[in-house]
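Nothing in this text is a laboratory measurement; each read-out follows from the coordinates by a stated rule. This structure is a prediction, so every number in the text was calculated from the model and none was measured. Here Cβ is always computed from backbone atoms with ideal geometry, including for glycine, and neighbour counts include all displayed protein chains.
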Amino acid sequence: MAKTPARGATSRRPSTSALALAAAAARRFYVEGQTKVDIARQLGVSRFKVARLLADAQEAGLVQIQVVVPSSLDGDLADAVRERFGVRAVYVVRPDDDTVAGQRRAVATFTAGLLEESVTAEDVVGLAWGRTISQLAAALSATLGCRFVQLSGALPRPDVEESAVELVRRAAEATGSSATTFYAPLAVPDAATADGLRSQSGISEALAELDRLTRAVVSVGAWRPGESTALDSLGTADRDALAAAGAVAEITGVLLGAGGTEIDALADRIIGVTGPQLRATPDVVAMACGDLRAEATASVLRSGLVSTLVTHASLARAVLATPS
């Protein structure tokens, strides 16, 4: 039977002595980094008492934890985007050069560092193709020993010197990793041609690796000329038809509508990773650059295809300003 408190009993504030003991335990634990066992021995109490003292210190306001992000990041904007869209992690950089080129460089450099801190030798890392991914590959330098996999075919662009194959191989060489690549365009005129390419030796084996991805890095493209690799590979009729179907965003040839729903009108003509394969990948990092991609970035965040977003401050603010 539960005991009832004695009549007239009231909760008492900790005495000055109790607070002093709690403060002593908290300083040793949070500031000096001592273990609870060491603190218990020094203060002459049990390890369980130390745990209680630390809890008392927090309840009494003796411990105030403040997390300060580097000045090159905007933590408040990152938290606002993460909370609104429910993604696992958001990083918002503050570029020194706030031009599109500077934004792209800052986002790519930060993402490269993120990979270097988190990728292990057991990881299979998919890399998309494009301007930001090219800068990311150039920024990689730490030894990773993982396997980099080409996520899709590519098309020539005057502002990207390397092919998708060269980009993945450069990332692998810079990090002491292996590379799985294939030669194919991103999009072809019809499904029959795509099926034929996917069945070719070398391409089929490389595409099979996409089912084994543990991580992937993609770029957010907006469905407008110059803002999407997939769109730039198509004729005017295809572009207009897909825009009429509601396409606003593209990541590695996977098209998305404003609400984040996948539009499969192009899927049978794309040589590369599919929406379901991205959904099955434990960690998909999306890099978004350029304020014109606010609607597209919001669509990608709503899609559930990505778990992490790396972007810059002005685009983060524009994403938050998009309609809910």
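Of note:
- Segment A51-A101, length gained on full extension (0.36 nm per residue, minus Cα span): 12.9 nm
- Gain on full extension, evaluated as 0.36 nm per residue between T120 and R94 minus their Cα-Cα distance, stands at 6.6 nm.
- Answer label, with volume of the Cα convex hull per residue in Å³ calculated from the coordinates and candidates (1) 131; (2) 142; (3) 214: (3)
- In nm, spacing of pseudo-spin labels at S141 and D195 (7 Å Cα→C-beta vector): 4.9
- In sequence order, the range 60-67 has phi-based couplings of 7, x, 6, 10, 10, 9, 10, 9 Hz under the Karplus curve 6.51 cos²θ - 1.76 cosθ + 1.60, θ = phi - 60°, and Gly or Pro positions carry x.
- Residues T35 and Y183, FRET efficiency given R0 of 41 Å [Cβ-Cβ distance, rounded to 0.05]: 0.15
- Cα centre as origin, Lys/Arg/Asp/Glu Cβ charges: the chain dipole, Debye: 2220
- Between L73 and D264, the simple spin-label model (points 7 angstrom out along Cα→Cβ) gives 3.8 nm.
- Treating r as the C-beta distance of S307 and A244 and R0 as 35 Å, the FRET efficiency rounds to 0.70.
- Between Q58 and L43, the simple label model (points 7 Å from Cα in the Cβ direction) yields a spacing of 1.4 nm.
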